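In what follows, a structure is listed as structure tokens, so that the remarks can point back to it.
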Amino acid sequence: MSSTVATAFAPESASSTPAQSAAAASFAGLVDKMDYLSAAEVEMVRQAYRFADAAHLGQMRKNGDPYITHPIAVAAMCTEWKLDAQALMAALMHDVLEDCGVTKQEMIERFGAPVAELVDGLTKLDKLEFDTREQNQAESFRKMLLAMARDVRVILIKLADRTHNMRTMGDMPPSKWGRISSETLEIYAPIAHRLGLNHTYRELQDLAFRFLHPWRYEVLGKALNKSRGRRKDLISRVRHEVEAAFEKHGLQVRIMGREKTLYSVYHKMDLKHLSFSQVTDIYGFRIVLPELTDCYTALGLLHQIYKPLPGKFRDYIAIPKVNGYQSLHTTLVGPFGTNIEFQLRTHPMDVVAESGVAAHWLYKASEPGSATSQSLGTQWLQSLLDIQQETHDAAEFWDHVKIDLFPDAVYVFTPKSKIMAMPRGATVMDFAYAIHSDVGHRAIAAKINGEQMPLRSELNNGDVVEVVTSPHAQPNPAWLGFVKTGRARSKIRHYLKTVAHDESRALGLRMLSQALRAEGISELPDADGEHKPIWDKLLRFTGNRNADELLADIGMGRRIASMVGKKMAVLLTETGMKPDLLLISTERYASGQESEAQGVVTLDGSEGLSVQYASCCHPIPGDRITGYLGRGEGLVVHTDDCPVGRRLLDRDRERFLEVEWADEPVRPFESAVVVTVTNGKGVLARVAAALAAAEADITHVDMGMEPAQTATDLKFSIAVRDRVHLADVLRSLKRTPSVLKAQRLRPRGA
């Protein structure tokens, strides 16, 4: 017979038996599993075992076993992936830094820096103080994931650790089952899936389900056992028919029966509101073939034996999943109308399908020098480092990572036919940032399958996506409302923070220079060179780390320029510099301002995020304006008759400064107008045409929620150049038929 058949149908995962646990608990049993290591490497692992055994001496597990049985069991799981000696040493010592008072420096001296870094990456941050348990958890995962991005062995050991803890969860108090099982289901299982560790992924899901919903687990398990007995003859018939067809055509195959895990059956029932009897694809077969072309030949034979179910064929060989998984999937209608899934793959694909990134070490053990699968998961791991460089807040970092843990990918093409896997729901902007951050930053438009589409458009399988860029474009904060990937979100946030800092620094520099001129100092001294001691004293006074931070704080309103300027003037005077009395007279008193005057800031619309134009009064060039240094908001510009601005002035006078319009503003500004019209057919179109004729762009229209009356108010937000342009717009509106009145919308109380 040409084919080898695994006759027993087994679930996709199973917990270890007490006998297996006992075998794993002895170091002798571990040595038997390290036959792929050299004698010198085994001795290194033995030294690590002795160190860990001494460190954990006297510590016990909840079931009464010595604590060292847990690290040995974790290391034994790592030998199944053929991890190297360093990883096994780290697995044996993964709790000594956390629980036994051993220092990292001591580990470096005894076992070398690589092993110490692995152990440190596995160590939680329990010794640090955090505001909440959630923050502690987020910081702990951030550290673990970054260590994992540098060395994937960290997460492999961590997953082995979590798997053994879940296998022995029955010894823990039931009060802890829910939290630990939820964490496993929401975090560790998705990480295992993301890295292609499918066997571990399935086992963690089943174990978490068992402790989260014990009653449901028990009932579903009994139902599955009964179903297995009823369908035994059916499955046996299908297996023999398939086996005979392959033998007839001389295909060397290995056929294995496959059964869905309890959790996957439960999840499908819950998601689609099905009863157990309605879940038809519980059983399936995995077929392993010698060559890639044999997979497609076998697929053709299967489709001749049984009819394929429409829409249930997936070619993950031509287009692999994001975690490197490759197989052909097809669901066929077997005897008595039963749906049965078949997965066809080669032996290397089968190793990768079950072990993911760990396949690298499995290949190294069996085929020294093989680079197969070494790059699995590395793209996602590298993206963790990219996100970390731009996100220093642990909770925000973890939010980004969780987004990427549930990819459910769609596959799209670049204009040059390169395939890219994106999470389901991803938009054009996610695609742009996946290509390169510069493409995302400069995106202005997109084409999907040759048609012009908005940047927020969601992508579908098979889309050909082209992103149009402009060298003058920059990210829009509104993009954060629709991007789906952590990479895109972190890149946009980082850019906006960087630009806001740079613009705030430039504004702060102008304001501090003007404040110094009011004190009789014509130029702001350089932060380096001979004036560095003065800057050092000033920074101690303000509490800032450096001059850039101080200037940004002034621009963002966290520091008052006049106060900082006065302090710097005093420090300069102490060095012998004399204020210019003529300059003081010109700057401070020419406009009749009091001694706290900070000079005048000129605005032309190019200030970016450091200056905001208040939405309550919508100032435009030609209006008399005033500037308020909001705390952390930068400079907020109000019209001088704005009631909101007046209330702020009464309460916080020292935070106001003089601002004025530049002679030639560089962009239009938003203004609000209210148009009272006689209600009738086409009136909105006529008003919009009048606005267009006056060269005013409409940015927003509000027609209210009330039923239309004979006379109705239409409120428009329009972009105009200045007050003169606005007056032209209002005249154009008043000449329009059906318009009763047109006026600028002012805040109440103005």
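The values are calculated or read from the model by the stated rules, or taken from the named source; none is laboratory data. Just so it is clear, the model here is predicted, and its values are computed rather than measured. Cβ placement follows ideal geometry from the backbone for every residue including glycine, while neighbour counts extend to all protein chains displayed.
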So, first residue touching a residue at least 12 places away in the same chain (Cβ under 8 Å) in region 97-117, second residue surrounded by fewer than 15 Cβ atoms within 10 Å (Cβ to Cβ) and in a loop (DSSP other than H, G, I, E, B), Cβ within less than 7 Å, six or more apart or across chains; the pairs are E98/D126
Can you tell me which condition A506 does not meet? The list is (1) outside the structural domain of V412 (by TED's automatic domain parsing); (2) farther than 23 Å from S606 by Cα, and all the others hold. (2)
Which members of region 670-694 meet the condition of being under 42 Å from the mean Cα position of the chain (by Cα) and among the charged types (D, E, K, R)? E670
From the residues in region 190-237 that are crowded, with 21+ Cβ neighbours inside 10 Å and among the β-branched types (V, I, T), which one is nearest to E259 (Cα to Cα)? T200
Could you look through region 89-106, keep only residues that are closer than 14 Å to D161 by Cα and in a loop (DSSP other than H, G, I, E, B), and pick out the one that is modelled with the highest pLDDT? M93
Restricting attention to region 336-352, does a residue exist that is closer than 16 Å to H193 by Cα and in contact with a helix residue (DSSP H, G or I) (Cβ under 6 Å, 6 or more places away or on another chain)? yes
Could you figure out which of (1) buried (at least 16 other Cβ atoms within 10 Å of the Cβ); (2) under 42 Å from the mean Cα position of the chain (by Cα); (3) farther than 30 Å from Q514 by Cα isn't true of V701? (1)
Any idea how many residues of region 536-571 are surrounded by 20 or more Cβ atoms within 10 Å (Cβ to Cβ) and either closer than 19 Å to R517 by Cβ or among the basic types (K, R) (or both)? 13
Can you work out which of the residues in region 504-529 that are more than 37 Å from the chain's Cα centre (by Cα) and more than 15 Å from S562 (Cβ to Cβ) is surrounded by the most Cβ atoms within 10 Å (Cβ to Cβ)? P525
Can F482 be described as over 29 Å from E658 (Cβ atoms), aromatic (F, W, Y) and touching a Lys or Arg at 6+ places or on another chain (Cβ under 6 Å)? yes
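Each row is one residue, and each column tells you yes or no for (1) at pLDDT 85 or above; (2) within 15 Å of N165 (Cα to Cα); (3) in a helix (DSSP H, G or I).
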site: F9; (1), (2), (3): no, no, no
site: Y36; (1), (2), (3): no, no, no
site: M44; (1), (2), (3): yes, no, yes
site: Q47; (1), (2), (3): yes, no, yes
site: P71; (1), (2), (3): yes, yes, yes
site: A87; (1), (2), (3): yes, no, yes
Return yes or no: is E458 out of contact with any helix residue (DSSP H, G or I) (no Cβ under 7 Å at 6 or more places or on another chain), surrounded by 15 or more Cβ atoms within 10 Å (Cβ to Cβ) and at pLDDT below 85? no
Could you say which residue among E134, E139, E109 is farther than 20 Å from T168 by Cβ, outside any loop (DSSP other than H, G, I, E, B) and modelled with pLDDT of 85 or more? E109
Does region 58-76 contain any residue that is touching a Cys at 6+ places or on another chain (Cβ under 7 Å) and surrounded by 15 or more Cβ atoms within 10 Å (Cβ to Cβ)? no
Segments classed as helices (runs of 4 or more DSSP H), wholly inside region 636-750, with at least 1 members that are closer than 23 Å to V611 by Cα and out of contact with any His (no Cβ under 9 Å at 6 or more places or on another chain): 643-651, 723-734
Only listed residue being in a loop (DSSP other than H, G, I, E, B), modelled with pLDDT of 70 or more, closer than 20 Å to Y628 by Cα and hydroxyl-bearing (S, T, Y), chosen from S591, S606: S606
Take the residues of region 266-291 that are modelled with pLDDT under 90, touching a strand residue (DSSP E or B) at 6+ places or on another chain (Cβ under 9 Å) and hydrophobic (A, V, I, L, M, F, W, C): which is farthest from D206 (Cα to Cα)? F285
Answer with yes or no whether L524 is of a type in the set (A, V, I, L, M), in contact with a helix residue (DSSP H, G or I) (Cβ under 9 Å, 6 or more places away or on another chain), at pLDDT 80 or above and outside any helix (DSSP H, G or I). yes
